[in-house]
1. Residues 54, 27: which one is farther than 25 Å from residue 116 by Cβ, at pLDDT below 95 and either touching a helix residue (DSSP H, G or I) at 6+ places or on another chain (Cβ under 6 Å) or buried (at least 17 other Cβ atoms within 10 Å of the Cβ) (or both)?
2. Out of 21, 8, I need the residue that is assigned to a strand (DSSP E or B), touching a residue at least 60 places away in the same chain (Cβ under 8 Å) and touching a strand residue (DSSP E or B) at 6+ places or on another chain (Cβ under 8 Å). Which one?
3. Find the residue count for region 159-176, including only residues that are closer than 18 Å to residue 253 by Cα and touching a helix residue (DSSP H, G or I) at 6+ places or on another chain (Cβ under 9 Å).
4. Suppose we filter 241, 261 for residues that are in contact with a strand residue (DSSP E or B) (Cβ under 7 Å, 6 or more places away or on another chain), in a loop (DSSP other than H, G, I, E, B), more than 28 Å from residue 5 (Cα to Cα) and assigned by TED's automatic domain parsing to the domain that holds residue 221; which single one remains?
5. Looking at this structure, is residue 256 touching a strand residue (DSSP E or B) at 6+ places or on another chain (Cβ under 6 Å), farther than 24 Å from residue 134 by Cβ, surrounded by 21 or more Cβ atoms within 10 Å (Cβ to Cβ) and not assigned by TED's automatic domain parsing to the domain that holds residue 47?
6. Quick one: in region 10-21, of everything that is surrounded by fewer than 16 Cβ atoms within 10 Å (Cβ to Cβ) and out of contact with any helix residue (DSSP H, G or I) (no Cβ under 7 Å at 6 or more places or on another chain), which residue is nearest to residue 132 (Cα to Cα)?
7. Taking region 259-284 as the region of interest, how many residues are surrounded by fewer than 17 Cβ atoms within 10 Å (Cβ to Cβ) and free of Cβ contacts under 8 Å to residues at least 40 places away in the same chain?
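The values are calculated or read from the model by the stated rules, or taken from the named source; none is laboratory data. No experiment lies behind these values; they were computed from the predicted model shown. So basically every Cβ, Gly included, is an ideal-geometry build from the backbone, and we count neighbours across all protein chains shown.
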C-alpha cells in the first residue's frame, strides 16, 4: 500500500513523494522531489516542471475534480518506504537515532522520511518523521512534550520552517502558532517535523466526487478538531461569515495540521468544494492547493 510518507522512483530516475492514502486506478498521487536531479519543494514549480517534462503524469481526476499529478504505476521502478535506515551529516543522524529510541520506548511506531530517508540531508535539514496511527500515538507525543523531551519551536529554528513553506507565502509560520504544536518542535536542538497519517481514510476514491467552486476567505469556529492533527487533516467548523456555506475545512498538507482546537476561531482561505458521496452532498474548504491559501488562529 502506497501512503503519505513514502517515495517512488520512476523509470527516468526521478523521485516523487506519495500524497494521500487513496489513488486512482493504475496511478499514484505524488509530487516530484528530485526531478532530473534537481530538488523541488515548491508545489507550483512542481506542476510546471511536470507539465513540461512529464506531461503524461498529469491526470484529469474525477475524484478531486482537478488536473493533478498522478504517476502511472507502470512507470514506477522502485518504492522507498519510511524506515530507520537513514543517511546524513553525523550530528543529524545521531539526533534522529536518539529520537527514534525515545519514540520506540514510548510505544510510537514510526519511520523517517524526507531528506534523511533519501540521503539528501545537509546541516540545515530537519528530522522528518512519519507515524501511521491516530489519537493514541498523538497522546503519547503530548506526554513527551509535557516531559520536555520534545521541546517547542523557538526563534533558532523558525527560519527553517519558513524556508520550507515558501510556496505558501500567506501561511508563513509564526512563533505563537508553531509553539502550540506537538508535531513540530525541537529535539537535541534540532528541528523535527512529524506527520501522523491515519490508517483509514474517510473517503473512497471510487465513491467520492468533488466539484471545485471558487477560492474563498472566511472566519470559522472549530466545532470538532478530533482529526485536526493528522495528515490529511479535517476540522468540523461553523462559518461565522453568513455567506460561507461549508461545514468542514480539510488540508492534505501537514503544515495545516494542529492549527486550532474546539471553540477557537480561524481565518482561512482555500478552495470551496462541493462534495458528493452516496446519499450525501455538502461543501467544504480545501486549504493548501493555492499559493495564497492559509489558516491562522484569531486571538
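1. Details: 27 fails: at pLDDT below 95.
On inspection, the qualifying residue turns out to be 54.
2. Values: 21 fails: assigned to a strand (DSSP E or B).
On inspection, the qualifying residue turns out to be 8.
3. Quick first cut of region 159-176, residues closer than 18 Å to residue 253 by Cα only: 160-174.
Applying the additional criterion that residues be touching a helix residue (DSSP H, G or I) at 6+ places or on another chain (Cβ under 9 Å) yields 161, 164-165, 167-168, 171-174.
Total satisfying the criteria: 9.
4. Numbers: 261 fails: more than 28 Å from residue 5 (Cα to Cα).
Answer to the selection: 241.
5. Working: touching a strand residue (DSSP E or B) at 6+ places or on another chain (Cβ under 6 Å): yes; farther than 24 Å from residue 134 by Cβ: no; surrounded by 21 or more Cβ atoms within 10 Å (Cβ to Cβ): yes; not assigned by TED's automatic domain parsing to the domain that holds residue 47: yes.
No: the conditions fail for residue 256.
6. Just the residues of region 10-21 that are surrounded by fewer than 16 Cβ atoms within 10 Å (Cβ to Cβ), to begin with: 11-13.
Add one more test, that the residue is out of contact with any helix residue (DSSP H, G or I) (no Cβ under 7 Å at 6 or more places or on another chain), and what stays is 12-13.
Values: 12: 29, 13: 27 Å.
Filtering region 10-21 for residues that are surrounded by fewer than 16 Cβ atoms within 10 Å (Cβ to Cβ) and out of contact with any helix residue (DSSP H, G or I) (no Cβ under 7 Å at 6 or more places or on another chain), the one nearest to residue 132 (Cα to Cα) comes out as 13.
7. Matching residues across region 259-284 total 5.
Each row is one residue, and each column tells you yes or no for (1) within 19 Å of residue 205 (Cβ to Cβ); (2) more than 20 Å from the chain's Cα centre (by Cα).
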site: 48; (1), (2): no, yes
site: 60; (1), (2): yes, yes
site: 64; (1), (2): yes, no
site: 86; (1), (2): no, yes
site: 89; (1), (2): no, yes
site: 106; (1), (2): no, yes
